[in-house]
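> This is the structure I have questions about; it appears just below.
The values are calculated or read from the model by the stated rules, or taken from the named source; none is laboratory data. Just so you know, these numbers come straight off a predicted model, no measurement behind them. All Cβ positions, even for glycine, are placed from backbone atoms using ideal geometry, and neighbour counts span all protein chains on display.
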Amino acid sequence: MANLFDLSGRIALITGSTDGLGKAIARGLGRANAKVIINGRSSQDKLDAVVREFSIQGISCNGALFDVTNASEVETKIKEIERDLGPIDILVNNAGVNIRWKAADMPVEKFKQNVDINLLGPFIVSRAVAKRMMERKSGKIINICSLMSELGRDSVSAYAASKGGLKMLTQNMAVEWAKHNIQVNGIGPGYFATKLTAPLRKQGSAFNDFIVNRTPAGRWGTPEELIGSAVFLSSGASDFVNGHILYVDGGILATIGKPANED
Ligand code: GCO
């Protein structure tokens with residue numbers, strides 16, 4: 001049974017993994033014995049620091065600097081990775097941003113930037129990796145969606161649109177690539193304590209209280225709480241799971257909420 005979740009001998013590329021949820025997922029896959037490739041967009045120093053940190057923790061780790069929205073850069077890097085390190089068995093499309101802006105006022109360029117990173121990026125990287133997985137007739141792709149693949153909220157239109165699109169892209173990749181023994185699935189985090197949500201989590205703030213009350217588990221998630229789902233969807237345990245979005249959200253999507261005076 002333990003082998004079902006063992007990632008020994010597999011190489012996992014996690015985009016946007018120098019910080020936050022991506023870094024936690026990368027650490028978790030490394031601790032499940034995968035060789036992990038950390039990715040960042042621009043800072044070689046930041047990338048090197050995470051590679052050093054993981055290596056000290058006994059995790060087999062390399063770094064790859066590339067911008068997920070740059071198709072030619074991605075193709076060059078994926079070719080280099082597979083030449084120098086070996087075949088990519090697991091791809092986690094995690095790189096993402098949330099440009100919070102009221103839709104009516106949001107500059108078009110900002111909307112486009114958010115969708116490019118969160119939706120076009122996973123398309124570009126998945127395409128480059130999947131064509132190689134097809135040759136090997138084996139692969140795992142995990143797209144980091146969001147509870148906002150299902151629900152909207154004021155001032156996150158670009159983010160929600162991108163994550164809703166990523167849910168459907170996940171399902172479509174799954175449909176097209178399942179016959180090549182490539183399983184494509186998503187993980188949909190609820191509200192997690194990361195830098196991205198730091199502005200929302202100020203203790204005693206109305207939004208923090210709102211989320212704590214709106215989430216049946218009564219708290220924010222911690223990045224480490226995504227690891228089990230990532231290991232499951234990266235491992236042999238999910239070989240017949242295709243096009244599934246696994247929500248890790250403390251139950252927030254299961255409820256319509258509760259009256260203020262209810263426990
Ligand atoms: C917000 C938050 C959310 C969540 C994200 C988790 O502004 O409401 O950033 O977008 O963090 O959806 O999946």
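> I want to confirm something. Restricting to the range 181-195 and keeping residues that are surrounded by fewer than 19 Cβ atoms within 10 Å (Cβ to Cβ) and without any contact (Cβ under 8 Å) to a residue 60 or more places away in the chain, which single residue is nearest to the ligand (Cβ to nearest atom)?
A193
> What number of residues within the range 11-69 satisfy the criterion of being of a type in the set (V, I, T) and assigned to a helix (DSSP H, G or I)?
The number of residues fulfilling the criteria is 4.
> Now for a separate question. Given (1) surrounded by fewer than 19 Cβ atoms within 10 Å (Cβ to Cβ); (2) among the small types (G, A, S); (3) more than 16 Å from the ligand (Cβ to nearest atom), where does A254 come up short, assuming only one miss?
(3)
> Another question about this same structure. Go through the range 119-131 and report how many residues are surrounded by 15 or more Cβ atoms within 10 Å (Cβ to Cβ) and either within 14 Å of Q183 (Cα to Cα) or touching a strand residue (DSSP E or B) at 6+ places or on another chain (Cβ under 8 Å) (or both).
6
> What is the number of the single condition among (1) assigned to a helix (DSSP H, G or I); (2) more than 13 Å from the ligand (Cβ to nearest atom); (3) basic (K, R); (4) under 30 Å from G30 (Cα atoms) that K167 does not meet?
With (1) assigned to a helix (DSSP H, G or I); (2) more than 13 Å from the ligand (Cβ to nearest atom); (3) basic (K, R); (4) under 30 Å from G30 (Cα atoms) applied to K167, the lone miss is (2).
> Any residue at all in the range 223-233 that is part of a helix (DSSP H, G or I) and either of a type in the set (D, E, K, R) or modelled with pLDDT under 95 (or both)? Let's see the steps before the verdict.
If we filter the range 223-233 for residues that are part of a helix (DSSP H, G or I), which is where we start, we get 223-233.
Okay, now just the ones that are also either of a type in the set (D, E, K, R) or modelled with pLDDT under 95 (or both), so 224-225.
The answer is yes; a qualifying residue exists.
> Report, by residue number, each residue of the range 135-164 that is part of a helix (DSSP H, G or I) and of a type outside the set (K, R).
Within the range 135-164, E135, L147, M148, S149, S157, A158, Y159, A160, A161, S162, G164 qualify.
> Within the group A178, A217, which residue is within 22 Å of A260 (Cα to Cα), more than 12 Å from the ligand (Cβ to nearest atom), loosely packed, with under 15 Cβ neighbours inside 10 Å and of a type in the set (A, V, I, L, M)?
A217
Yes or no, residue by residue, for (1) crowded, with 22+ Cβ neighbours inside 10 Å; (2) under 23 Å from Q183 (Cβ atoms); (3) acidic (D, E):
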{"site": "A34", "(1), (2), (3)": "yes, yes, no"}
{"site": "K46", "(1), (2), (3)": "no, no, no"}
{"site": "A49", "(1), (2), (3)": "no, no, no"}
{"site": "A64", "(1), (2), (3)": "no, yes, no"}
{"site": "D84", "(1), (2), (3)": "no, no, yes"}
{"site": "I88", "(1), (2), (3)": "yes, yes, no"}
{"site": "I117", "(1), (2), (3)": "yes, no, no"}
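> So, one more: Restricting attention to the range 98-110, which residues are buried (at least 16 other Cβ atoms within 10 Å of the Cβ) and closer than 21 Å to S42 by Cα?
N98, I99
> Would the range 40-47 turn up any residue that is hydrophobic (A, V, I, L, M, F, W, C) and within 16 Å of the ligand (Cβ to nearest atom)?
Checked against the condition, which is being hydrophobic (A, V, I, L, M, F, W, C) and within 16 Å of the ligand (Cβ to nearest atom), the range 40-47 yields no hits at all.
> Mind checking which residues of the range 52-62 are surrounded by fewer than 19 Cβ atoms within 10 Å (Cβ to Cβ) and either of a type in the set (A, V, I, L, M, F, W, C) or closer than 22 Å to I117 by Cα (or both)?
Within the range 52-62, I56 is the sole residue that qualifies.
> Hey, another quick one. Give the range 110-151 a look and list any residue that's basic (K, R) and either closer than 19 Å to S234 by Cβ or away from the ligand (no atom under 16 Å from the Cβ) (or both), or say none.
Scanning the range 110-151 gives K112, R127, K131, R132, R136, K137, K140.
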